[in-house]
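To start, the structure under review is shown below, and the notes come after it.
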Amino acid sequence: MTPRARPQSTRPSIRPRHEHDRTLAQIAKLEQDILGLEPSDHKTLASSVNAVIPTDRPFTTQDILAGLEDPDRVWRKRSIDYRLSRLRAKGLVRRLKKSHGLEQAVYAHKNCKTEPLPFEDMELPEVIAAVLGDRSMTQTEIAVAMLEQGYETTMGKMALRNQVGLAVRDGEQFVAEGGKWRMI
């Protein structure tokens, strides 16, 4: 005996499922037309921070927090720090001074005129490269030269010397020659 196909009337129909999905999509579209993609009174963190950044003077994270005071919203300091780091990466904000202990980092808008600070907005390997130039120095000489040229740190002299040693050993742009370091 050969198996027979089921009569078409007993097969489950796919049509109601497609109609149901299409109806749900239409309902969702109507909801978005009525409500909009996001409420018009909602402000993103990025737009709020950008709106309160002063362009005429240096500022700290606390200054931004003070400008963002909104009784209906909680502003996380970490979120603001992250936004400032993104703006720094884009070149819209520059860091004038790193934070040290209880002392806050100081930032400025790219158009803000300020006195240039030594090693402004530079990481340790960049400072070492600036100090070395085309000369060769020991890590102690590098640390002393950095301090003499105005590098600010809360580290002690030995700790700074050790950090310089780590940075030159880990840095790809530095090479050792007879106990002295130079740029490649």
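Okay, here's what the table says:
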read-out: Stretchable slack from residue 47 to residue 23, in nm (0.36 nm times residue separation minus alpha-carbon distance); value: 5.0 nm
read-out: Expected 222 nm ellipticity per residue - DSSP helices of 4 or more, -39500 (n - 2.57), all of the chain, to 500; value: -14000 deg cm²/dmol
read-out: The chain: relative contact order as a whole-number percent, Cα under 8 Å and 6+ apart; value: 15
read-out: Segment residue 65-residue 162, extension gain: residue separation times 0.36 nm, minus the distance between their alpha carbons; value: 31.3 nm
read-out: Where GluC sites (Glu not before Pro) in DSSP loops with at most 11 other Cβ within 10 Å are excluded, longest remaining stretch of the chain; value: 1-68
read-out: Listed residues 146, 122, 158, most fluctuating in the chain (Gaussian network, C-alpha, under 10 Å); value: 158
read-out: Cα-based Kirkwood hydrodynamic radius, the range 61-157, one decimal, Å; value: 15.6
read-out: Two-decimal ratio, the chain, of alpha-carbon radius of gyration to 2.2 N^0.38 Å; value: 1.88
read-out: Loop chymotrypsin sites (Phe, Trp or Tyr not before Pro), the range 40-82 (other Cβ atoms within 10 Å of the site Cβ: 16 or fewer; DSSP); value: 75
read-out: Sites matching trypsin sites (Lys or Arg not before Pro) across the range 94-184 that sit in DSSP coil, with at most 14 neighbouring C-beta atoms within 10 Å; value: 110, 113, 135
read-out: Coil-residue trypsin sites (Lys or Arg not before Pro) of the range 44-87, DSSP, other Cβ within 10 Å capped at 13; value: 73, 76
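Just so you know, all these numbers are worked out from the coordinates, no wet-lab data involved. In this text, all values refer to a predicted model and were calculated from it rather than measured experimentally. Cβ sites come from the backbone with ideal geometry, for glycine too, and all protein chains shown count toward neighbours.
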